Amino acid sequence: MRIFLTILFILVLLLTVILLSQAEVWAEYWDGKFRYAVRYFGIQVYPFRKKKEKAPPDPEKERKKSEKQEQKKAERDAKKQAEKEAAEAENKKRLLADKMQRTMQKIADTCDLAGNALFAAPAPLKKLFSSITLVLETDFLIGGEDAADTAVLYGRLQLAIQNVLANLGKYIHVKRKNVRLACDFAADESRWNVRASVKVRIGTAVAAALWLLWNYWTGGRKARKTIVSERI
């Protein structure tokens with residue numbers, strides 16, 4: 001009996017720790033590279049880290065042949081890349097700025113819709129949202145050749161970011177680690193760096209999921225009873 005109680009106590013303790021712990025979804029777009037990860041107890045659980053495979057040694061002839069092919073390919077790629085960069089240099093600034101502005105507007109609109117839905121949401125879902133923590137870090141530098149366009153874009157983005165963070169702060173915990181938005185009229189191009197992590201308590205997420213499943217099941221039963229009664 002003592003062994004059973006000990007095992008039961010350990011299981012209850014582990015379950016309590018798991019339910020009180022937090023899962024984290026982390027993502028960033030920094031220096032032109034996108035990265036993401038899912039962490040639990042500070043350990044990356046996704047994507048799984050693959051072990052590096054050792055490349056087999058190549059013979060001398062194959063090595064020289066490969067070097068020549070790579071050199072020719074590099075010259076062709078460099079020429080194509082130079083032509084491509086010359087053609088896309090002007091479009092890149094405008095497209096990225098427009099995309100960022102549209103994204104901010106979509107986020108703001110989504111926050112408004114989510115706020116209206118959350119206001120009428122039941123208590124379990126409100127509890128779930130209240131357990132979410134967003135940690136945000138940005139490094140935006142607005143630049144460009146046209147000073148007027150740069151100033152307008154800077155003002156619009158600053159207003160959009162403040163609105164988004166204010167709306168999110170009504171429903172979840174928002175921590176601004178380092179939200180930076182600057183304007184540089186001497187810069188030739190803009191810089192867009194953003195890093196965010198979303199943390200949620202496992203127990204609250206499980207409770208909300210069980211509540212949704214229970215309501216889905218009971219709603220289905222009521223619908224079936226209604227259909228049967230109508231047939232009778």
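The values are calculated or read from the model by the stated rules, or taken from the named source; none is laboratory data. Remember, predicted model here, so these are calculated numbers, not experimental data. With ideal geometry, Cβ positions are generated from the backbone for all residues, glycine too; neighbour counts draw on all protein chains shown.
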Worksheet item: Among 192, 214, which is the only one that is crowded, with 16+ Cβ neighbours inside 10 Å and either at pLDDT 80 or above or not in a loop (DSSP other than H, G, I, E, B) (or both)?
Response: 192
Discussion item. I'd like the residue in the range 143-190 that is under 23 Å from the mean Cα position of the chain (by Cα) and β-branched (Val, Ile, Thr) and, out of all such residues, is nearest to residue 30 (Cα to Cα).
Written reply: 179
Response to the item:
A careful count of residues in the range 180-189 that are surrounded by fewer than 16 Cβ atoms within 10 Å (Cβ to Cβ) and part of a strand (DSSP E or B) gives 3
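The rows are residues; the columns are (1) within 18 Å of the chain's Cα centre (by Cα); (2) modelled with pLDDT under 85; (3) among the hydroxyl-bearing types (Ser, Thr, Tyr).
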site: 12; (1), (2), (3): no, no, no
site: 18; (1), (2), (3): no, yes, no
site: 24; (1), (2), (3): yes, no, no
site: 30; (1), (2), (3): yes, no, no
site: 35; (1), (2), (3): yes, no, no
site: 40; (1), (2), (3): yes, no, yes
site: 49; (1), (2), (3): no, yes, no
Worksheet item: Would you say residue 200 is modelled with pLDDT of 85 or more, within 30 Å of residue 40 (Cβ to Cβ) and surrounded by 13 or more Cβ atoms within 10 Å (Cβ to Cβ)?
Response: yes
Fill in: Selection within the range 211-220 - more than 25 Å from the chain's Cα centre (by Cα) and of a type outside the set (Ser, Thr, Tyr)
211, 213, 214, 215, 217, 219, 220
